[in-house]
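Asks: Mind looking over this structure? Questions follow.
The values are calculated or read from the model by the stated rules, or taken from the named source; none is laboratory data. All of these numbers come straight from a predicted model, not from anything done at the bench. Cβ sites come from the backbone with ideal geometry, for glycine too, and all protein chains shown count toward neighbours.
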Amino acid sequence: MICKLTETQCRTAIARGEFADETRKAAPHTAIVLSQSWCPQCMWMRGYLDAIAAVPDVAIFWVEYDRESFFDDFREFKENVFGNFEIPYVRYYRDGILIRESNYVDKSGFAQRLGVHLPGK
C-alpha cells in the first residue's frame, strides 16, 4: 500500500519526535518518504514506489510537505529532530523499529534498505 501522510500523522510526529506506532507499524516493512513537490529526485522515486508498495507486507507513506499548511513546522522538525536537511528523506522501519535512513536511492537500493525482494529479482 502507498498512502499520503495526513496532517494529523505529521503533527503527531512533530509533537512526539517520531511517527506514531500505527504509521510505523502499518506493515512489517514500512517506509516514510518526506519531500517537497519541486524535487526532481522525488519525482523519479514516485515512478517506482507503486511497484515496491505492491510487494506483500510493505507500506509506504509520503508527503510533499511544501504543499501543506504545516510546511514551516514540519521542515523545522525534519531538519532539527531528524537531522536531515536534504530531500527526499526516507525512513525505513521493520516492525515499527527504525532500521535505516537515506536520501534519494534508486529502486533496488530502496527495496534493499526496506529489506524486501522485488518480483523477478
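Asks: Could you count how many residues in the range 1-19 are part of a loop (DSSP other than H, G, I, E, B), of a type outside the set (Phe, Trp, Tyr) and at pLDDT 95 or above?
Replies: So the answer is 4.
Asks: Given the structure, is Glu22 among the charged types (D, E, K, R) and assigned to a loop (DSSP other than H, G, I, E, B)?
Replies: No; evaluated as a whole, the condition is false for this residue.
Asks: What number of residues within the range 96-120 are in contact with a Lys or Arg (Cβ under 7 Å, 6 or more places away or on another chain) and among the charged types (D, E, K, R)?
Replies: Residues in the range 96-120 being in contact with a Lys or Arg (Cβ under 7 Å, 6 or more places away or on another chain) and among the charged types (D, E, K, R): 3 in total.
Here's the yes/no breakdown for (1) surrounded by fewer than 17 Cβ atoms within 10 Å (Cβ to Cβ); (2) under 14 Å from the mean Cα position of the chain (by Cα); (3) closer than 15 Å to Cys10 by Cβ:
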residue: Asp72; (1), (2), (3): yes, no, yes
residue: Leu114; (1), (2), (3): no, yes, no
residue: His117; (1), (2), (3): yes, no, no
residue: Gly120; (1), (2), (3): yes, no, no
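Asks: Separate question: Run Met43 past the list (1) modelled with pLDDT of 95 or more; (2) part of a helix (DSSP H, G or I); (3) surrounded by 12 or more Cβ atoms within 10 Å (Cβ to Cβ) and report the number of the one that doesn't hold.
Replies: (1)
Asks: For the range 22-62, what are the residues that are under 16 Å from Ser102 (Cβ atoms) and either free of Cβ contacts under 8 Å to residues at least 12 places away in the same chain or touching a Gly at 6+ places or on another chain (Cβ under 6 Å) (or both)?
Replies: His29
Asks: While we're here: Go through the range 1-17 and give me each residue that's closer than 21 Å to Glu68 by Cα, touching a residue at least 40 places away in the same chain (Cβ under 8 Å) and within 14 Å of the chain's Cα centre (by Cα).
Replies: Ile2, Cys3, Lys4, Leu5, Gln9, Cys10, Ala13
Asks: Restrict the check to the range 86-99 and report whether at least one residue is at negative phi, crowded, with 17+ Cβ neighbours inside 10 Å, of a type in the set (Val, Ile, Thr) and within 14 Å of the chain's Cα centre (by Cα).
Replies: So far as the range 86-99 goes, yes, one or more of its residues are at negative phi, crowded, with 17+ Cβ neighbours inside 10 Å, of a type in the set (Val, Ile, Thr) and within 14 Å of the chain's Cα centre (by Cα).
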